[in-house]
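Please read the structure below before turning to the comments.
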Amino acid sequence: METSEWVVVGIDNGGTSNNATVLAASGRFLVDRLVELPSRVTEGPEVAIEAMAGAFETVLDLTGIELKTVRGVGLDTPGPASADGVISSKGATNFAQPAWRGFDVRGGLEARLGLPVVYNNDANAAALYAHHVRFRDKAAGHSSVSAIVGTGLGGGVVESGRVVRGAAGMAGELGHVQIPMHGLLAEGQPLPTCNCGFVGDAESVASLTGIERNLLPYWLTRFEDHELGRIADRRQAAKLVRGYGEREDPLALAIFEQQAMAIGRLFTIAANFTDPDTYFLGGGVVETTPRFRQWFLARVREHTALREEQARVATLALVPDLDMAGARGAAIAALEARQAPVRARTSR
Ligand SMILES: [Zn+2]
């Protein structure tokens, strides 16, 4: 068999669906759209592993790829989980069913498929994909940092083309990096708190949860007659803020200005830590109208304090194809593990 003929499969496991892709050894993706199937994670690990195997089989059927040409599988899931894909013993938002606690999802899929499985959390997989799209065959010569704003704030640090995992697999948890609050909070605004127990970390401001829990409750006291104040369901109200931002509503713009500042300050910390070539931003805040996206990116750029030498070489860019980025990044990780197994910390 020619080396160019073998493939790896990427599976992005989420709270509601699995998305799968196929990546040839040459680096070409054989799937150009979302291939989504129900993930059934709420039914526990046994059912969910079967659902992942189903996604694996479906994407092979769809591409006409024979099982014997698959050399490995990349899997990503939401965290918190160890670098080796063991779900937190405290459980996780997406893995609430008790049997998930401490469950080795990577090992479970590996046993089911009889193929080596490489694990990443979802934000790390998306970060790896963004890095490879931007730098292609020069990926190993560059570094990047990704922040993905969603329910939480996911992050990923890529150095010399590889995801930085850390000793406990907890590197790149950018959402829980504490940032200076001086000059960010308005007068009388309480310090924002995060689910992780920290006060004033990036996620406490720059996430949907941050809007619901910290930003919206405060800003509704400053805009007392705002329509959003009449919506009893706070999560629902938080989700509506972006639409108001697109219409340049002052309350919404105040919230997004604080989010942009939080992300800029986070990137400033990254600038002094790994000094990356590219700062990637993804998620709801930039999956919006071009006009609002440009405004938000400009605000983030303004709040990112780079030295002159850094500003000359660094760029701020969007995470591309975010809905497919997890599966594709997971597949890239699997491909790299097959090509250079000794270098990957968790490779088999
Ligand atoms: Zn936190």
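Quick notes on this structure:
- Take the convex hull of the alpha carbons in region 174-293; its mean projected area over all directions comes to 7.7 nm².
- Ellipsoid fit via the Cα gyration tensor, region 215-348: semi-axes of 35, 20, 13 Å, each the root of five times an eigenvalue, largest first.
- Loop-resident sites, region 190-260, for trypsin sites (Lys or Arg not before Pro), counting at most 16 other Cβ within 10 Å (DSSP): 247
- Lys, Arg +1 and Asp, Glu -1 on Cβ, resulting dipole of the chain about Cα centre, debye, nearest 20: 480 debye
- Normalised Debye scattering of the chain at q = 0.10, 0.14, 0.15 Å⁻¹ gives log10 I(q)/I(0) of -0.60, -1.12, -1.25, counting only Cα atoms as equal scatterers and leaving out solvent.
- GluC sites (Glu not before Pro) within region 1-64, DSSP loop, no more than 13 other Cβ atoms inside 10 Å: 2
- Inter-probe distance in nm under a simple model that places probes 7 Å from Cα toward Cβ, at residue 224 and residue 61: 6.1 nm
- Residue of 281, 318, 185 that the Gaussian network model of the chain assigns the largest fluctuation, springs spanning Cα pairs under 10 Å: 185
- Sites listed here are GluC sites (Glu not before Pro) in region 146-239 whose DSSP assignment is loop and whose Cβ has at most 10 other Cβ atoms within 10 Å: 187, 224.
- Antiparallel DSSP beta bridges within the chain, percent to nearest 5: 55 percent
FYI, it's all coordinate maths here, none of it is from the lab. In this text the structure is predicted, and so the values were computed from the model without any measurement. Neighbour counts are summed over all protein chains in view; Cβ atoms, including those assigned to glycine, are modelled from backbone coordinates with ideal geometry.
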